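Have a look at the structure below before the remarks.
We did not get these values from a lab; they are worked out from the coordinates using the rules stated. What you see is a predicted model; the values in this text were computed from it and never measured. Here the Cβ positions follow ideal geometry from the backbone for every residue, glycine too, while neighbour counts run over all protein chains shown.
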């Protein structure tokens, strides 16, 4: 789990996501499945906790509190869904 304070917080993860181009699937608004670089999927949760934007991924980096490309990829879909009325 990591706190999304700014885009700079996950800049490296965003670049890695752009390179790897993982598949992101919305399970429901706030819960996503994102493909890993070696196969398989990780679950990413996007939510607010006490006003802070939280990204929680089941990968090793995410569990260690480091921004991961799975989280960065999920945030893109999450942001789209949050701003598009019929997306969720």
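Do we find a residue being touching a helix residue (DSSP H, G or I) at 6+ places or on another chain (Cβ under 8 Å) and assigned to a loop (DSSP other than H, G, I, E, B) anywhere in the stretch 63-75? Lay out the reasoning, then the answer.
Taking the stretch 63-75 and keeping what is touching a helix residue (DSSP H, G or I) at 6+ places or on another chain (Cβ under 8 Å), we get 67-73, 75.
Now drop any that are not assigned to a loop (DSSP other than H, G, I, E, B), which leaves 67-68.
Within the stretch 63-75, one or more residues are touching a helix residue (DSSP H, G or I) at 6+ places or on another chain (Cβ under 8 Å) and assigned to a loop (DSSP other than H, G, I, E, B).
Of all the residues that make up the stretch 67-81, how many are over 9 Å from the mean Cα position of the chain (by Cα) and surrounded by fewer than 16 Cβ atoms within 10 Å (Cβ to Cβ)?
Counting residues in the stretch 67-81 that are over 9 Å from the mean Cα position of the chain (by Cα) and surrounded by fewer than 16 Cβ atoms within 10 Å (Cβ to Cβ) gives 2.
I'm trying to understand the selection: among the residues of the stretch 1-50, which are assigned to a strand (DSSP E or B), in contact (Cβ under 8 Å) with a residue 60 or more places away in the chain and crowded, with 16+ Cβ neighbours inside 10 Å?
Restricting attention to the stretch 1-50, the residues satisfying the condition of being assigned to a strand (DSSP E or B) are 2-4, 24-28, 31-35, 37, 39, 41-49.
Filter again for in contact (Cβ under 8 Å) with a residue 60 or more places away in the chain, leaving 2, 4, 26, 28.
Result: 2, 4, 26.
Could you please find all residues in the stretch 51-62 being more than 17 Å from residue 16 (Cβ to Cβ), out of contact with any strand residue (DSSP E or B) (no Cβ under 6 Å at 6 or more places or on another chain) and surrounded by 10 or more Cβ atoms within 10 Å (Cβ to Cβ)?
none
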